[in-house]
1. Just the residues that are on the phi > 0 side of the Ramachandran plot and in contact (Cβ under 8 Å) with a residue 60 or more places away in the chain, please, taken from the stretch 72-105.
2. Cβ-Cβ below 9 Å, separation at least six or inter-chain, first residue in the stretch 114-125 and touching a residue at least 40 places away in the same chain (Cβ under 8 Å), second charged (D, E, K, R) and outside any helix (DSSP H, G or I): which pairs?
3. Taking the stated definitions as given, is Lys139 buried (at least 18 other Cβ atoms within 10 Å of the Cβ) and at pLDDT 85 or above?
4. Having 3 or more residues that are buried (at least 17 other Cβ atoms within 10 Å of the Cβ) is the bar; report the helices (runs of 4 or more DSSP H) wholly within the stretch 9-104 that clear it.
5. Given the structure, is Ala108 over 19 Å from Lys139 (Cβ atoms), of a type outside the set (D, E, K, R) and either surrounded by fewer than 18 Cβ atoms within 10 Å (Cβ to Cβ) or in contact (Cβ under 8 Å) with a residue 12 or more places away in the chain (or both)?
6. Restricting the stretch 111-122 to residues that are crowded, with 22+ Cβ neighbours inside 10 Å and aliphatic (A, V, I, L, M), which is modelled with the highest pLDDT?
7. Taking the stretch 142-158 on its own, how many of its residues are touching a residue at least 60 places away in the same chain (Cβ under 8 Å), surrounded by 22 or more Cβ atoms within 10 Å (Cβ to Cβ) and more than 12 Å from Leu42 (Cα to Cα)?
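The values are calculated or read from the model by the stated rules, or taken from the named source; none is laboratory data. Here the structure is a predicted model, which is why all the values come from computation and not from measurement. No Cβ is skipped: glycine too gets one built from the backbone with ideal geometry, and neighbour counts run over all protein chains shown.
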Amino acid sequence: MSGIFDLLQGPMGEIIMDGISSQLGTDKSKAQSALSAAIPMLMGALKKNASDPSKASGLFEALMNKHDGSIFEKAADIFGGGFVNDDVVEDGDKILGHVLGEKKEIIAAALSKKAGLDTGSALNILKMAAPMVMGMLGKQARENRVSNPMDLTNIIGTMLGGHSAAQEDMSFVERLLDQDGDGSIIDDLFNMGRKFFGR
């Protein structure tokens, strides 16, 4: 089973990065660094959702009904031409709403700090990355004939391959989303994230 970073290597990855960097108005290396951080962060949020029976069924339904991996087959249309398709960005925003909820801005702030982008650009990276992550998860779920929503956590765990730094980013967001939302979330973020931000 190839990981999502493997899929983004080669010509297709170049098309995607060209579109994202043009959309953000930043250089490709910074966009690539931001995307490399955004993907595992989103996967951490998806894994947390998939481990909750009340949310796993909704995630599974979305994967089976919409996110089948075809986004990668249409990469040239979606990310080509110096911009990212508006429908995909809008879909990404909806995904973030479902997966991150009220902590969407907190996760964007974490990505902003890690990738050296302003918060608005970090949020846009998350919006563009979300449909790709969902597409890959849906593709893997189909290939592995997943029928139980709770089995999605196993698929998510394999999607990063052997990238240890990405695994750490994923775990970081899982811990962040476990915070109690008592008003000290920003303090919690930076206390938890010293090692994360220092990389």
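1. Going through the stretch 72-105, the residues on the phi > 0 side of the Ramachandran plot turn out to be 81-82, 101.
The answer is Gly81, Gly82.
2. Pairs that qualify, where the first residue is touching a residue at least 40 places away in the same chain (Cβ under 8 Å) and the partner is charged (D, E, K, R) and outside any helix (DSSP H, G or I), are Lys114/Arg199.
3. Values: buried (at least 18 other Cβ atoms within 10 Å of the Cβ): yes; at pLDDT 85 or above: yes.
Considered against the rule, which asks whether it is buried (at least 18 other Cβ atoms within 10 Å of the Cβ) and at pLDDT 85 or above, Lys139 comes out as yes.
4. On the way: elements: 11-24, 28-50, 53-65, 70-73, 75-79, 86-100.
In the stretch 9-104, the matching helices (runs of 4 or more DSSP H) lie at 11-24, 28-50, 53-65, 75-79, 86-100.
5. Working: over 19 Å from Lys139 (Cβ atoms): yes; of a type outside the set (D, E, K, R): yes; either surrounded by fewer than 18 Cβ atoms within 10 Å (Cβ to Cβ) or in contact (Cβ under 8 Å) with a residue 12 or more places away in the chain (or both): yes.
Spelling it out, Ala108 is indeed over 19 Å from Lys139 (Cβ atoms), of a type outside the set (D, E, K, R) and either surrounded by fewer than 18 Cβ atoms within 10 Å (Cβ to Cβ) or in contact (Cβ under 8 Å) with a residue 12 or more places away in the chain (or both).
6. The initial filter retains those residues of the stretch 111-122 that are crowded, with 22+ Cβ neighbours inside 10 Å, namely 111, 114, 117, 122.
The next check asks that each one be aliphatic (A, V, I, L, M); those that pass are 111, 117, 122.
Working: Leu111: 87, Leu117: 86, Ala122: 91.
Step by step, filter the stretch 111-122, then rank; the result is Ala122.
7. So the count comes out to 1.
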